[in-house]
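The values are calculated or read from the model by the stated rules, or taken from the named source; none is laboratory data. Just so we're clear, the structure is a prediction, and the values are computed from it rather than from any experiment. A quick note on method: Cβ atoms are made from the backbone with ideal geometry, for glycine too, and the neighbour counts reach across all protein chains shown. Remember, those area values only see protein heavy atoms, side chains included, never the ligands or the DNA or RNA. Shrake-Rupley method; radii C 1.70, N 1.55, O 1.52, S 1.80 Å.
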Amino acid sequence: IDMGSWEAGHGRLLEFKLPSTGPVAPLAFTVLADKLDRPLGLVRGPDGRVYVGDAGRIWRTAVHAPGSPVHEETVIDGLPSTGTHPLKEMVFGAGGKLYINVGSSTDACRDDADVQKLPCADLEGARPRAAIYEATLGGSDFTLQVLRPYSRGLRNSVAMAYVKGANVLLQGENSIDYPDEALPFEKLDVLRDGANYGWPYCVGAREPARGYEKCFDCATT
């Protein structure tokens, strides 16, 4: 996948042809799809199709002979694509579950006047941001059955992995941007259904974030 630019419409899906002998570079490639909106996630599903995470949607295509054009079939649409964290990373788990990053709209829930909000609007409502969503796919053509928030309080989950067998979902957390070079610490989280991981109120191991001291009980995260 080639994101292309932070502006919409410059992303591409590329197919590389690896040489059977000789040097590996330069590689020849074919553009299978273009004018995509800031794509990031690229995974192969249990149904054999390739899934692509654009900023505002998840789509898929079957894998045909080399160089064949793709058919973009939208699986999930209407995902938030504004703000500073529009990119959609994703990973398949067990039982037709697809886990999708929906990043926060800001670094630390500050408004245009640089005031930190409480409560943070990104966390409100039935479709919060700063969350990982669980999409259940199934039926005769492996289509979307249920889409729901799985874990919350996660600024921007562009590092995700699923450990098969152990059935463990991992997330690398890019924390709030302090001016300090080494603070706050980044985290590797084991994600659990329904858990809150603290953004923007807490950082590290349940420590209050700057500007949110005495505003939120980080022990609950």
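Accessible surface of residue 59 in the full protein assembly, 1.4 angstrom probe, to the nearest 10 Å²?
0
Out of the GluC sites (Glu not before Pro) in segment 131-195, which ones are loop residues according to DSSP with at most 14 other C-beta atoms within 10 Å?
Here the GluC sites (Glu not before Pro) that fit, given the DSSP loop and packing criteria, are 181, 186.
Leaving out ligands, DNA and RNA but keeping every protein chain, what accessible area does residue 40 have, in Å² rounded to the nearest 10, with a 1.4 Å probe?
Accessible surface of residue 40 is approximately 50 Å².
Return the loop-located chymotrypsin sites (Phe, Trp or Tyr not before Pro) in segment 131-216 (DSSP other than H, G, I, E, B) with at most 13 other Cβ atoms within 10 Å of their own Cβ; answer none if there are none. Walk me through the numbers on the way to the answer.
On the way: sites: 133, 142, 150, 162, 185, 197, 201, 212, 216; in loops: 142, 185, 197, 201, 212, 216.
Hits after loop and neighbour filter: 185.
What is the percent carbon and sulfur in the accessible area of segment 1-53, measuring with a 1.4 Å probe over the protein chains and ignoring ligands? Mind dumping the intermediate values first?
Values: 1920 of 3300 Å².
Of all accessible area on segment 1-53, carbon and sulfur atoms account for 58 percent.
How many nm separate the modelled label positions at residue 94 and residue 113, each set 7 Å beyond the Cα in the direction of the Cβ?
In this crude label model, residue 94 to residue 113 measures out at 5.1 nm.
Sorting 122, 193 by accessible area (1.4 Å probe), largest first, what list results?
From most accessible down to least: 193, 122.
Using 1/(1 + (r/R0)^6) with R0 = 35 angstrom and r between the beta carbons of residue 185 and residue 31, what's the FRET efficiency to the nearest 0.05?
0.30
Let me confirm the definition first: pairs of Lys residues in segment 91-221, 8 or more apart or on different chains, C-alpha distance under 25 Å. How many are there?
Final tally of qualifying lysine pairs is 6.
In square angstrom, what is the accessible area per residue of the chain with a 1.4 angstrom probe?
Normalised by residue count, the accessible surface of the chain is 52 Å².
If you take the beta carbon distance between residue 213 and residue 168 as r and set R0 to 25 Å, what does 1/(1 + (r/R0)^6) give as a FRET efficiency, to the nearest 0.05?
E(calc), rounded to 0.05, equals 0.15.
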